[in-house]
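Here the structure is laid out as C-alpha cells; the discussion comes afterwards.
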Number of protein chains: 4
Amino acid sequence: MSSVLSGIKIAVLGGDDRELILVAELVKRGATVVAVGFPREKISHGAFVVNSVEEACKDTEVLILPLPGTNEKGVIRAVYAEQELQLTEKAIASVSRNALIIIGSARKYLKEWATKYDLTLMEIVEMDEIAILNSIPTAEGALQIAMEETSSTIHGSKTCVIGFGRVGITMARTLKALGSEVTVVARNSGQLARAYEMGCNRAGYEDLHEIMNHTNIVFNTVPCMVLDSSILKYANPEVLIVDLATQPGGTDFEAANTFGLKAILAPGLPGKVAPVFAGKILADVIPKLLIKEFAELDKDLLYG
Amino acid sequence: MSSVLSGIKIAVLGGDDRELILVAELVKRGATVVAVGFPREKISHGAFVVNSVEEACKDTEVLILPLPGTNEKGVIRAVYAEQELQLTEKAIASVSRNALIIIGSARKYLKEWATKYDLTLMEIVEMDEIAILNSIPTAEGALQIAMEETSSTIHGSKTCVIGFGRVGITMARTLKALGSEVTVVARNSGQLARAYEMGCNRAGYEDLHEIMNHTNIVFNTVPCMVLDSSILKYANPEVLIVDLATQPGGTDFEAANTFGLKAILAPGLPGKVAPVFAGKILADVIPKLLIKEFAELDKDLLYG
Amino acid sequence: MSSVLSGIKIAVLGGDDRELILVAELVKRGATVVAVGFPREKISHGAFVVNSVEEACKDTEVLILPLPGTNEKGVIRAVYAEQELQLTEKAIASVSRNALIIIGSARKYLKEWATKYDLTLMEIVEMDEIAILNSIPTAEGALQIAMEETSSTIHGSKTCVIGFGRVGITMARTLKALGSEVTVVARNSGQLARAYEMGCNRAGYEDLHEIMNHTNIVFNTVPCMVLDSSILKYANPEVLIVDLATQPGGTDFEAANTFGLKAILAPGLPGKVAPVFAGKILADVIPKLLIKEFAELDKDLLYG
Amino acid sequence: MSSVLSGIKIAVLGGDDRELILVAELVKRGATVVAVGFPREKISHGAFVVNSVEEACKDTEVLILPLPGTNEKGVIRAVYAEQELQLTEKAIASVSRNALIIIGSARKYLKEWATKYDLTLMEIVEMDEIAILNSIPTAEGALQIAMEETSSTIHGSKTCVIGFGRVGITMARTLKALGSEVTVVARNSGQLARAYEMGCNRAGYEDLHEIMNHTNIVFNTVPCMVLDSSILKYANPEVLIVDLATQPGGTDFEAANTFGLKAILAPGLPGKVAPVFAGKILADVIPKLLIKEFAELDKDLLYG
C-alpha cells in the first residue's frame, strides 16, 4: 500500500501540528511532498519546504489546505508561518491538470476557482469518518473545559447534551461513562431511542427551559440559536454552558452574560487539545482518500 | 394527553403478549378498542373482544395488525387465537373512510387494498424509533442464546458483529459492556469510525474469512448472504453463529451444517424473549403515532 | 516455567470438564498426571488413567480434588465416573511424604487425615484469585437465568444485589453495564461508597423490604438468611429472586413459595454455564500454586 | 435525624471550601457551630465566627480540623485565614471533657495531647468511606492533568495504574470508561483478578520497566518509591507520570528530570479540583460519625 502514492506530488499549504503528522505519513507512503508555512526543522525529512504558496502549488497533483481552511480574504490558517500565507487564483491556476484540492470546507471563491480550472474539490470536515473520529478529541476537550470550570465532579453531575449527531453521541457516551446522569435533547425520535439505549434520559426542545433549571453542565452541539434568552432565563445560576457548535455557536452569549451565566464557546477542539490524535486522523484518512481517488482516475484513464 | 384518543375506534387484529399491553394502553388513553384473536380473560377491562375479523374491522378508524403481520395467504399471526384469523378484502373494505392501518410490514395485496380503498398504511417495523428500541431485547436475546450455546463466558471472548445499523450498534455496545473483545465488520467508513469510538475493532468484509478463523461468536445483522461457504470454510470449528437478520438470515445454514459449524437463525427475538418490554415499545410509540396522525388530519380538515 | 513441574507426580481425583482442562495444562507443564473418574478418551494424551482412588493416590506428591469436594461420606464429585469414587483414609495414608492436597473446601475428616499424616491441605474455593475469577461466569450465569425467567429486558430494569463481596461486585458491574438501575445492599459503608463510585444506588438492610417492593430482579450473594418471610412479604409479586449464595442460599424458599414468588437457588454456576472458562481458571491458578509451594519446599530443604 | 446534633457544640478550625459546606450542614442539623479561620461572609448563617483557636476550642464537645491537618509546628491549614492558626496545648486542654477530635491524620503531639486530656481522636483520611468517595475527584483531577499535559486523547491511549487500592480501582475504571487500554500493576493476585474482571491487563512489578517503555501515561497510587531510576531509565521519552500518592509520592522526580521525563506530583486533588464534591463528602460522612459516636456515648452513660 505504501507505494501507491509513490511519485505523486502533494503540496501542503499551512496548518498546524496536525499537518506535520500528515506530511510525515505522506512521505512514508512515497509521495513527493512540498510544504509551505512551516519551519524547516519541524517538517519530516524527505519533504521539501518552500517559501511561497505559488512555488508549492506549481504543477502539484494534490493540494492540501488545513481543516479550518482560509478566511474570506484567502489567508490560509498557518500557525507556524512567519508571514501570512495567501491563496491566490494565480497559484490555483498553476496546479497540475485535474488536480485534487482537499480542504476542511471551501469558501465561495475557492469553489469557483475549482470549477473554472476543472479541479476536484473535496471538502472533508463534514465527511462522516473525519467528523466522527474528531468527535473523540472534541468530547475529551469539552470534558477538560468542564472539569476546569466547575468545582464539582462529572461523576454524579446532571448534564445535558443538545443535539445527537456525530459529536453529540460521543459526548453523551463519554459523560455517561464517567458517571454523569445525561439528558439528550433532540427532535428526531430515532435519535432519542438511541440515546435511551445508551442509558441517557430523553427530552425534546420543548423541555429545554425546564432542563436548564436543574442541570449542572450543558453541552451544545447544534449550530443554530438553541440557547437563546427565552431559554437562558430559566437556567440555574450555577450552570456551565460549553458550546461545541461551529462558530458562532448556538448560544446567545450576550444574554448569558446578562444573566450572569458562564458560557464558553469552544470550537476547533481537536487541533487544540489533541493535535497528535487529530493529526493521526488526517494521516489515516487522507492517504486512503488519495489512493481511492487515483485508483478511480486510473480506471477512467484505462477505460474512459 | 390521555384524552386525545378519546372516542377513536381502534381494532386490534391478533398478535401476542405485546398487543395485550398495547390494548391496555389504548384503553387507558380513552380509545374504544375492539380486539380479535385473544381470549376474553387476557384482554384489558374496557376493551371489547369480538369473534371475527370482519366484526372488528367494521367502521374502525384504526386497524392494528401485529409486527410480524400476515402470511402470503392473509393469515394474521395470532398466538392466542383458537382458529385462524384471516384478513379479507371484505373486512378491509368495511373500515371507516380514511382509516389508518398499522402493521409491521405489509404484503403486496394489503398495499393494493389500501390504495384501492384510500386508506393510510403505516409500516412500522422499519421506523427508526421502533427498530432501535427493539434492538435492545434483540441484543439481550442474542446474548442469552450465546450464553446457552457456549461453554465459556462472553467476558474475555472474541466476538464479531456483522453490520453496524440499528441492531449492530446495540449488539456491539452490549458485548463490549460485558467485557468481550468486539470486531465490527462494515463497509461504511463512518460506521467503522463510530465502532472505533465505541472501543471496537474495525474490519471490512474482505477481512471476514480471517476473522472467522479466530472468533468465538459471530452475530450477523445483515439480511444478505454474507456468511456463505467461501467464508465459512475458514471458520474455526468451535465458532457459534447467531444470525439476527430477517428470515432467511445472512448465513448459508446448509454449508454451516456441512462444515459442522453451529449456526442459529434467531429472528423476532423481542416478542420471544421480552414480550413485556416489546409490548411497552408498542404502547409507547403507537399512541404517539396516532395522536400525530389525527392532529394532522384535524389540521387538514380545518385548513385543507 | 513449563519445566518446573517436571517429574512431579500429581493425582487428579474426579471432577468434571474443568479438571479435563487442568489435566491437559499440568501435562503440558511436564507433570506426571494420574487421573481417576474419567473415561480414557476424554483425558489428555500424556496423562495416565487408573481405575481406583487408591491406585491414583499411591506415592503421589500432589492430590487434586474437585472444587465441590466430597460429601460427608467421602464420595468425591465425579460426573464422568462410572462408579462412585470413595476417598478413604487408606488412600490418603499412601501418598508421598509431605504431599499437598488441593480441594475446594475440606470436610472435617479430611482435615484430620491431613494432620495425622502430616500433609499440606490447601482449600482454594475461598482464595481471592479463584473466587474473583469465578465471579465472572457466576455473574453471566445469573444473568442467563434472569433472562430466561423474565419477560422483560435487563436494560431498564430495577435490580438489587445483596452483598458486595467478590460475587456482588461483579454482579453489580455486569448489570450496570447492561443498562439496569442497580441498588446495592450492604452493611459496610466502604463497600457502599464503592458501589456509589460504580454508579449504583446504595442501601442498608433496613431498606430491604422497601426495595423488594419495587425491584424486578434480586440477586443475593450473602450466605445467611437475608430474604426471610418478614422481608419477602413486602416483595412485589412479579419479582424474580436469583440466589447465588452457597447452599442452602440466603432465601427462605418455602416462604417465597407460599407468597407465590419465583425464587431460584443457583449455586456452582461456573462449572455449569462456563466449564471451559472455569477450567482455564484452575489451569491458570493451580500450576502457579504448585510452583510457589515447591519453590518454598526447596528453600526449606536447602536452608531448613 | 436533623435534631440529633441539636445543641452539641462543634468547633471548626480552619480548612477550605470543603469546611464551608460542612459547617452549613452541621448548622442545618442543629449543632452550635463555632468557626475560626474564615471570613464572616463566607460562613453559613447560624454559625459563629470567632477570632482565635482558643476561643473556638473552649468547652467545645467536638473539634474538627481539616483533612490535611496541621504541620509539625501545629499550624493548621486554613486557606481563608488572615493570620496563621496555631493549635496549642492550651486550646486542647480547654475543650469539654470526653470531647471528640476529628482530623485527617494527626501528628505525634496531637496524639499525645489526646491521650493526656482523655479525648477521643478520630483520624478519618484513611476511613474507607471517605477515601473511596474522595477517589472520585482524585481520578477526575488526575484525568484533567493528563488531558492538559498530553497532546493526544485518553481514548486509544495506553495507560498504567500502579497500585489497586481505593484510588487505583477508581482510576482504572475511569480510564477504561474513556476508552484507554489500561494495565494494572499490583502484587496481590486477588487484586489482579479484579483488574482482569474490570477489563484491564494485569502485570506485576517485575514487568514495570517493560511497561514504562510503551505506555503513554502512568498513574502511581502507591506511597513507596516504585518509579525509581532503575525503572525510569526504561521509560519512553514521551511518557507522562501523574503521581497521586501522598507526598513525597512514589516517583524519583529528580531522576525523572534527569531523564527528561515529565512527572507531576498531584496530592490533595479533591480539595483542589472539586471542593464542592469533597465538601459534600465531609457533610455526608461527619454527621453520621458524630451521631454514631454520641449514640454510643449515651449508651455508655445509661448502662456504663
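No lab work stands behind these numbers, since they all come straight from the coordinates. None of the values given here were measured: they were computed from a predicted structure. Note: ideal-geometry Cβ built from the backbone for every residue, glycine included; neighbour counts use all protein chains shown.
Tabulated data for the structure shown
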| read-out | value |
| --- | --- |
| Rounded FRET efficiency, nearest 0.05, which uses the C-beta distance separating C:E148 from C:Y234 and R0 of 30 Å | 0.75 |
| Residue-averaged beta-carbon neighbours from other chains (10 angstrom radius) around A:178-188 | 2 |
| Shielding score for B:140-149, defined as the mean number of other chain Cβ atoms within 10 Å | 4 |
| Beta carbon of chain B nearest to the axis of the rotation taking B to D, residue and angstrom distance | B:G199, 5 |
| Environment charge of D:G14, counting only residues whose C-beta is closer than 10 Å and scoring Lys/Arg +1, Asp/Glu -1 | -2 |
| Among beta bridges that DSSP assigns inside chain D, antiparallel share in %, nearest 5 | 5 percent |
| Built amide H within the under 5 Å cut-off of B:L63, gap 5+ | B:A11, B:L100, B:I101, B:I102 |
| DSSP beta bridge pairing in the protein assembly as shown, given as percent antiparallel to the nearest 5 | 5 percent |
| Sequence of B:T251, A:T138 once ranked by neighbouring C-beta atoms within 10 Å, starting from the fewest | B:T251, A:T138 |
| Residue-count net charge about D:E181 - beta-carbon cut-off 13 Å; Lys, Arg +1, Asp, Glu -1 | +2 |
| Size of charge dipole - the protein assembly as shown - debye, nearest 20, with Cβ of Lys, Arg +1 and Asp, Glu -1, no other charges | 0 debye |
| Per-residue average of Cβ from other chains inside 10 Å of A:127-137 | 5 |
| Cα-centred dipole magnitude for chain A, charges only on beta-carbon of K, R (+1) and D, E (-1), debye, nearest 20 | 400 debye |
| Fewest-first sequence of C:R77, C:R40, B:R173 by Cβ atoms within 10 Å of each Cβ | C:R40, C:R77, B:R173 |
| Exposure rule at most 16 other beta-carbon atoms within 10 Å, DSSP loop GluC sites (Glu not before Pro): chain A longest free segment | A:127-237 |
| For A:V184, residues with placed amide H under 5 Å, excluding near neighbours | A:V161, A:N201, A:R202, A:A203 |
| Pseudo-label separations to other copies for D:E210 - Cα-to-Cβ vector, 7 Å, nm | 2.5, 5.2, 5.7 |
| Positive-end residue, chain C charge dipole about Cα centroid, Cβ charges, pick of C:Y234, C:A203, C:P137 | C:P137 |
| Shortest-first nm distances, D:T258 label point to equivalent points in other copies (7 Å, Cα→Cβ) | 6.3, 6.9, 7.5 |
| Cα-centred dipole magnitude for the range C:162-304, charges only on beta-carbon of K, R (+1) and D, E (-1), debye, nearest 20 | 380 debye |
| Of all DSSP beta bridges in the range C:21-170, antiparallel share, percent nearest 5 | 25 percent |
| Neighbour net charge for B:K158 - beta-carbon separation under 14 angstrom, K R +1, D E -1 | -3 |
| Rounded to whole Hz, the Karplus (6.51, -1.76, 1.60) HN-Hα couplings of the range B:46-59, x for glycine and proline | x, 9, 9, 10, 10, 9, 9, 4, 4, 4, 5, 6, 3, 6 |
| Estimated FRET transfer efficiency when R0 is 30 angstrom, pair C:E55-C:Y109 (beta carbons, to 0.05) | 0.90 |
| Residue order, fewest to most surrounding Cβ atoms within 10 angstrom, among C:T60, B:T115 | B:T115, C:T60 |
| Estimated vicinal HN-Hα couplings, Hz - the range C:211-217 in sequence order (Karplus 6.51, -1.76, 1.60; Gly, Pro = x) | 4, 4, 6, 10, 9, 7, 9 |
| Relative contact order of the range D:129-271, pairs being alpha-carbon contacts under 8 Å that are 6 or more residues apart, as % | 23 percent |
| Positive-end residue, chain B charge dipole about Cα centroid, Cβ charges, pick of B:G74, B:G271, B:T120 | B:T120 |
| The range C:87-159 versus the range D:221-297: alpha-carbon centroid distance in Å | 38 Å |
| Computed [θ] at 222 nm, deg cm²/dmol, the protein assembly as shown (DSSP H ≥ 4; -39,500 (n - 2.57); rounded to nearest 500) | -12000 deg cm²/dmol |
| GNM flexibility winner over chain B from B:D59, B:D128, B:D16 (Cα, springs under 10 Å) | B:D128 |
| Sequence-distant residues sharing a close amide H with B:N220 (under 5 Å, placed H) | B:I162, B:V242, B:D243, B:L244 |
